[in-house]
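Enquirer: Quick one: the structure is below, and I'll ask about it shortly.
The values are calculated or read from the model by the stated rules, or taken from the named source; none is laboratory data. Source: prediction; values computed, not measured. Using ideal geometry, Cβ is built from the backbone for each residue, glycine included, and neighbour counts are taken over all protein chains shown. Side chains are part of the model used for accessible areas, which takes the heavy atoms of the whole protein and leaves out ligands, DNA and RNA. Shrake-Rupley method; radii C 1.70, N 1.55, O 1.52, S 1.80 Å.
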Amino acid sequence: MIAHILDTLVPRRGRRAVVLCDGPRPRPETLAACLGDRDLFIVTDGAGRPFEDLPRPPDVVIGDFDTLGNTPPDTATTRYIHDVGQNTTDSEKALNLVAHESCTDAVVLGAVGGLFDHSLSNAALPERFSWLLRVTLVSDDDVTVRVTADDDQVWSLPQHSVVSLTPTGTGARGVTFPGVRWPPEDEDLAGAGPSPTPTHVADSPVRPRMQSGS
């Protein structure tokens, strides 16, 4: 199901990286589904240990290694990058590397849940990195994507799928969402204000639209 949702919401458009962060670990089948369409697999610091239990070994392990400890030697399959910078999180270090490796998409797992400050920071990654990458957050239960006024999104989602819109940055103006139950109609959503409650797919495909914002 996750693979289908990803194909629907974020169809592949170039090199794709999968990043596993050190939050709640996704189920093996969720991670395996995401790794099936990847060009690069990155693990942050101690996430995913023991690496032998992952569906495939990571191509790169990156971070300040406050969890992993000393930098292990590179292996035939995995490169270790010790980045001691304290002005960026390990998730940000990974996404900067993704951009450096000429990937246009990053699917990020293990980013939300656990420590609240980590979740809050990681939830902002699709917006903060939008000038470099298309960042998609994936868990066992949901997929989070960034949508803007410039997008022409058409999502063929299963009937009764739960969907919701959350304003990011400075918010979004003129929001409509044809195809869902109780759709917003030309609504303005403030970046720090309330967002519509979750709704359901009533008539697939659904088409999120806005005049400005994200």
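Enquirer: Enumerate the pairs (first residue in the range 1-16 and among the charged types (D, E, K, R); second residue anywhere and surrounded by 14 or more Cβ atoms within 10 Å (Cβ to Cβ) and assigned to a helix (DSSP H, G or I)) with beta-carbon separation below 9 Å, excluding pairs fewer than 6 apart on the same chain, so at least 6 apart or on different chains.
Expert: From the range 1-16, the pairs are R12/L6; R15/V98.
Enquirer: Separate question: How many residues, within the range 152-163, are surrounded by 14 or more Cβ atoms within 10 Å (Cβ to Cβ) and part of a loop (DSSP other than H, G, I, E, B)?
Expert: 3
Enquirer: Mind checking whether some residue in the range 28-38 is open to solvent by 10 Å² or more (accessible area, probe 1.4 Å) and over 19 Å from the mean Cα position of the chain (by Cα)?
Expert: No - not one qualifying residue is present in the range 28-38.
Enquirer: Sort through L20, L35, L6, L40 and tell me the only one that's out of contact with any helix residue (DSSP H, G or I) (no Cβ under 9 Å at 6 or more places or on another chain) and either under 27 Å from L115 (Cα atoms) or not aromatic (F, W, Y) (or both).
Expert: Working: L20 fails: out of contact with any helix residue (DSSP H, G or I) (no Cβ under 9 Å at 6 or more places or on another chain); L6 fails: out of contact with any helix residue (DSSP H, G or I) (no Cβ under 9 Å at 6 or more places or on another chain); L40 fails: out of contact with any helix residue (DSSP H, G or I) (no Cβ under 9 Å at 6 or more places or on another chain).
Within the list L20, L35, L6, L40, the selection yields L35.
Enquirer: I would also like to ask the following. Which residue out of A47, A76 is open to solvent by less than 30 Å² (accessible area, probe 1.4 Å), at pLDDT below 95, in a loop (DSSP other than H, G, I, E, B) and of a type outside the set (D, E, K, R)? Walk me through how you get there before you give the answer.
Expert: Details: A76 fails: open to solvent by less than 30 Å² (accessible area, probe 1.4 Å).
Unique residue meeting the criteria: A47.
Enquirer: Also: Specify the residue that is farthest from V112 (Cα to Cα); the eligible residues are those in the range 164-190 that are touching a Gly at 6+ places or on another chain (Cβ under 9 Å) and open to solvent by less than 30 Å² (accessible area, probe 1.4 Å).
Expert: Checking each candidate, the answer is G174.
Enquirer: While we're here: Consider D22 carefully, then state whether it is in contact with a Ser or Thr (Cβ under 7 Å, 6 or more places away or on another chain) and either crowded, with 19+ Cβ neighbours inside 10 Å or at pLDDT 90 or above (or both).
Expert: In short, yes.
Enquirer: Also: Tell me whether the range 123-138 contains one or more residues that are among the small types (G, A, S), surrounded by fewer than 17 Cβ atoms within 10 Å (Cβ to Cβ), closer than 20 Å to A202 by Cα and out of contact with any strand residue (DSSP E or B) (no Cβ under 6 Å at 6 or more places or on another chain). Before you say what the answer is, go through the steps one by one.
Expert: Within the range 123-138, the first condition is being among the small types (G, A, S), and the residues that meet it are 123-124, 130.
When the remaining residues are screened for being surrounded by fewer than 17 Cβ atoms within 10 Å (Cβ to Cβ), the result is 123-124, 130.
Filter once more, keeping what is closer than 20 Å to A202 by Cα: none.
Scanning the range 123-138, I find no residue that is among the small types (G, A, S), surrounded by fewer than 17 Cβ atoms within 10 Å (Cβ to Cβ), closer than 20 Å to A202 by Cα and out of contact with any strand residue (DSSP E or B) (no Cβ under 6 Å at 6 or more places or on another chain), so the answer is no.
Enquirer: Can you tell me which residue is modelled with the lowest pLDDT among those in the range 174-214 that are assigned to a loop (DSSP other than H, G, I, E, B) and among the acidic types (D, E)?
Expert: Looking at the filtered set, the residue picked out is E185.
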